[in-house]
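Below: the structure, in structure tokens.
Throughout, read-outs are computed from the coordinates displayed, never taken from laboratory work. Quick caveat, the model's predicted, so the values are computed rather than measured. When we count neighbours, we look across all protein chains shown, and the Cβ atoms used for this are built from the backbone with ideal geometry, even at glycine.
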Amino acid sequence: MIAQRIARGILRLLGWTLVSEAPDLPKYVVIGAPHTTNWDLPIGMLGLIGLGIKPTLVVKHTLLRPPLGWLLRALGSIPIDRSQRRNFVDQVVAAYKEADELVVALTPEGTRRYTPYWKTGFYYIALGAGVPIALAFADYPTRRVGLGPTLYPTGDIEADMAVIAKFYVDKTGKRPEKKSPIRVRPPEIEGAVSD
């Protein structure tokens, strides 16, 4: 695959080593962490493409208009309409149910700044769609990028997040002080807000 070879070549030129292999699965959610800089997106996308994965982006439906619309459609983006009564998770779960193959890439921190909790939408998407979560990383001190294990959500989010946290404990972002702890917002704070 030409795109795969190009992505691997660019990573080598940038001094990154691609590790691991893509899961042999038609559908899964990829999460990328830690997310502390704008560089995470291009490095992460090059890593996924270098592994032979065609990641799908989730974008606001209004971005599918010109001038970026053609590019985002060509990349296979999933448009999300925030004005609809269906929430983000439901819309992405529906996309999984309609597709034969789908890999959606998300950053649970949701921002490059420190946040006290991870967003949990990725977890509920995987649970609702019945697909596993693949753990992607870009470790800046070692200049390694790749995928760790896949995890099927059990429905016990606290236990599953502990497994995820254990994997990411030794992964360091470009700006370590901005790394968010891997924990779920407590129910008394969560309220009716969905991620």
Item to check | Distance cut-off 15 Å, percentage of C-alpha pairs in region 134-175 lying past it | outcome: 44
Checklist outcome for this item: Once amide hydrogens are built 1.01 Å from N within the peptide plane, the residues lying 5 or more places from residue 180 or on another chain with amide H under 5 Å from its amide H are 35, 115
Item to check | Cβ-placed point charges (K, R +1; D, E -1), dipole of the chain about Cα centre in debye, nearest 20 | outcome: 820
Next on the checklist: Could you identify which residue out of 174, 119, 97 has the top mean-square fluctuation in a GNM of the chain using Cα springs shorter than 10 Å?
Outcome noted: 97
Item to check | Reach of residue 54 by Cα under 24 Å, taken over lysines that are not fewer than 8 positions away in the same chain | outcome: 27, 97, 119, 171
Checklist entry - What is the spread of the Cα atoms of the chain along each of their three principal axes, largest first, in whole Å? => result 46, 38, 31
